[in-house]
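Read-outs throughout are calculated quantities, based only on the coordinates presented, and are distinct from any laboratory measurement. Being a predicted model, the structure only gives us computed values, none of them experimental. Ideal geometry is used to build each Cβ from the backbone, glycine not excepted, and the neighbour counts take in all protein chains shown.
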Amino acid sequence: MSEVARLVSLASFLATHPRISVGEAARATHRTPQELLRDMNALMMVGVHPYTPSDYIGYATSGPGEHGLITLYSADHFKRPPNFTPQEALALKYALEHYAQAADAPTRRQIDELAAALAESLHGQAARELSRREPGFILPRRTERMRELIGRLAQAGEERRVVELEYFSAHRGTLSRRRVHPYRMVESGSHFYLLAMCELAGATRHFRVDRIRHAQTLDETFPESIPGRSKAGRMEPAMRGRKFETLVVEFSREAGPDVLEEYGTLPDVEVTARANGRVVLNLPLFNETWAVGFVMSFGGHATILRPQSAREALQRTLAQALKAHQS
């Protein structure tokens, strides 16, 4: 989960739990009391220039230490009816569509009600822009399966039950069975991952949920305690095995910031930001099948600089894809 998502999630939690104690709120959001207050101080600075405290969100505490009660409050201008610009209306419309993809049926009904209320509240140019825009997201057929799978994995983690996965490893190009101890779900970019102890590897791993072909919850439980979020660590590269080359990829100015954020602090990975805004990524290459899929996921925003064998593998893949789609 990104830092912005963590802060928004905290604000949402406090808004729905008024006058909860600092200690209870910290435990519920997987923080220490000190971390919670630090994050709230950061939220207070969200606003508009010159970014004075409480432009948008503020909070108050009553009582000493973690037993004191914390209350979230919003700026007075939030009480006035919103007056969206066309750009703001479209951004909100697309955000609602995005969250609807992973929502359950009751939540989707609430999102539909919000979307309808948004359309009714708009006038003039904003209303015209919203009415003629097509949906920004297409709901995939597997959405329901993904939602059900995420729910089962999360429940298995809560019950501390071992799960047997049938998992496709993209960098190896193989399907394997693994027994895992599910800890929690992690969202990174546009994907959901299961953070779990893998018995085969003897260490924690992140399993991308859309690559889990089958998951069976077993009656067996696991004994170890689930690590706190502060000890879970950042996501590691999805690469294991024997390194045989270094993959060097150049990213466009548009993709560069995301690459810096995602890979900038990972071990065994070197990221260089160039003056022209482009970013060059050096990372271990374990499997060219993974490299091809990785680079293709960025479309025209990524170019393999070396090795030549990886460039040729990408060219072959693109040629085969083009041939398959020619009439």
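Ranked highest first by the average count of other Cβ atoms within 10 Å around their residues, in what order do 191-199, 29-37 fall? Write out the running numbers ahead of the final one.
Numbers: 191-199: 19.4, 29-37: 16.8.
Put in order of decreasing packing, that is 191-199, 29-37.
How do 307-313, 206-212 rank on mean C-beta neighbours within 10 Å, highest first?
On the way: 307-313: 15.3, 206-212: 18.6.
Ranking, from highest mean packing down: 206-212, 307-313.
For a footprinting-style exposure proxy, rank Tyr94, Tyr167 by other Cβ within 10 Å, fewest first.
By the 10 Å Cβ count, ascending: Tyr94, Tyr167.
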